[in-house]
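One structure is given here, and the rest of the page talks about it.
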Amino acid sequence: MRSILVALVVVLLVPLLLVHADTESTKEEAEIASPEQQAIASAETWLVLVDEGDYQKSWETAAEYFKQAITQEQWEQSLRAVRPPLGAVISREVSSATYATELPGAPDGEYVAIQFDSSFENKKSAVETVTPMKEDDGFWKVSGYYIK
């Protein structure tokens, strides 16, 4: 009877230990995400603001370097001229993400230049380049955006 009880305890506890181990590895994986992965996540979140037409919030959540380079009014005016004619986003996929510590015309720091192959209602093939930079607070924020 005792061996059956021990076997039953083992059978019940092993799945719980496996779930706990899997949860711990997921936490560790999130903590060790590469700079490229972190920057892509930040860029995708930021692009949602642009896609939704919340240009003010996209400026507010951009990197300090970005905000020093262009006023909120100039940013909103530029986007209103460029984005609405493209229509809604149909698809967007990362085609490349390149980590760099130096970029032409920008201060040294940590950057990831991300290119998205994108499709819009009125422009079937476009390349969006988003360049997040790692700020002093450790967060990746967009420092540049370009549509071609």
Exercise for the section: Quick one: count up the residues across the range 14-50 that are at pLDDT 95 or above and loosely packed, with under 10 Cβ neighbours inside 10 Å. Expected result: 0
Handout entry: Any chance residue 114 is more than 25 Å from residue 32 (Cα to Cα) and surrounded by 14 or more Cβ atoms within 10 Å (Cβ to Cβ)
Key = no
Exercise for the section: Please find, within the range 134-148, the residue that is farthest from residue 89 (Cα to Cα) out of those that are of a type outside the set (A, V, I, L, M) and surrounded by 13 or more Cβ atoms within 10 Å (Cβ to Cβ). Expected result: 135
Practice task
Could you figure out which of (1) under 13 Å from residue 40 (Cα atoms); (2) surrounded by fewer than 16 Cβ atoms within 10 Å (Cβ to Cβ); (3) polar (S, T, N, Q) isn't true of residue 131?
Solution key: (2)
Handout entry: Residue match in the range 68-83 (condition: of a type in the set (Asp, Glu) and under 20 Å from the mean Cα position of the chain (by Cα))
Key = no
Practice task
Filter the range 46-91 for residues that are in contact with an Asp or Glu (Cβ under 7 Å, 6 or more places away or on another chain) and either part of a loop (DSSP other than H, G, I, E, B) or small (Gly, Ala, Ser) (or both) and give the result.
Solution key: 63, 87, 88
Exercise for the section: Just give me the residues in the range 94-148 being in contact (Cβ under 8 Å) with a residue 12 or more places away in the chain, small (Gly, Ala, Ser) and in a loop (DSSP other than H, G, I, E, B), in sequence order. Expected result: 106, 109
Problem - Selection from the range 99-111 of residues that are surrounded by 12 or more Cβ atoms within 10 Å (Cβ to Cβ) and out of contact with any Lys or Arg (no Cβ under 7 Å at 6 or more places or on another chain) - result: 99, 100, 103, 106, 111
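The values are calculated or read from the model by the stated rules, or taken from the named source; none is laboratory data. Computed from a prediction, not measured in an experiment: that's the story for all the values here. Methodologically, a virtual Cβ is constructed for each residue, glycine included, from the backbone with ideal geometry; neighbour enumeration extends over all protein chains shown.
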